[in-house]
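One structure is given below, encoded as structure tokens.
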Amino acid sequence: MTISRRNLYAVCLVLILGLLAPCSAQEPNVAGWYFPPAGEGLDQQSQKTFAEAGMKDTVVTPLDAKASRWALWRHGYLLHVTGDWNKTQDVASLRKTWHALTVGAAIGQGKLASYDEKIADYVPRLQGKDAEATWWHVITQSSGF
């Protein structure tokens, strides 16, 4: 199956807007996404039960079927852990996803005009065929850098 650049851009934009959307007004104390400080294991996290965090524990069932290793925080408190969190794992082409999110966010914020812009406009030291690479090439990992 092939996907056009336009469709890929639309999908990325929808994902980015969903990820960057502000928290709901019903949760005024939520600052957004929470990431535990680097180097802190899960056993060092402040923990709460689902009830203490104002959530139903039924949220775990559909999520458990999606991944073998994940954790759920709410308002900065660890609620649930599934799998061996300390196990390293190859993430293969996940880099494309992060590049697409980053480039899409930059386009959405007006920092980039489009994914067809040359990277050399922002990194002037690029030479040769690297100077011809666009943000599209970064998203698809087809630039050859």
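Among the listed residues K87, K111, K129, identify the single one that is under 30 Å from K48 (Cα atoms), loosely packed, with under 14 Cβ neighbours inside 10 Å and free of Cβ contacts under 8 Å to residues at least 40 places away in the same chain.
Sole residue among the options that is under 30 Å from K48 (Cα atoms), loosely packed, with under 14 Cβ neighbours inside 10 Å and free of Cβ contacts under 8 Å to residues at least 40 places away in the same chain: K87.
Looking at region 1-109, the helices (runs of 4 or more DSSP H) lying wholly inside it that each contain 2 or more residues that are closer than 30 Å to Y122 by Cα and either at pLDDT 65 or above or among the small types (G, A, S) (or both) sit at 5-20, 94-108.
Considering region 110-145 alone, what residues qualify as being part of a helix (DSSP H, G or I) and within 20 Å of L94 (Cβ to Cβ)?
Of everything in region 110-145, those that are part of a helix (DSSP H, G or I) and within 20 Å of L94 (Cβ to Cβ) turn out to be W135, W136, H137, V138, I139.
The condition of being in contact with a strand residue (DSSP E or B) (Cβ under 8 Å, 6 or more places away or on another chain) and surrounded by 10 or more Cβ atoms within 10 Å (Cβ to Cβ) holds for only one of T102, T82, T97, that being T82.
Which of the residues spanning region 99-108 are free of Cβ contacts under 8 Å to residues at least 40 places away in the same chain and closer than 18 Å to S142 by Cβ?
T102
The values are calculated or read from the model by the stated rules, or taken from the named source; none is laboratory data. Please read these numbers as outputs of a predicted model, since none were measured by experiment. Here the Cβ is made from the backbone with ideal geometry for all residues, glycine too, and neighbour counts use every protein chain on show.
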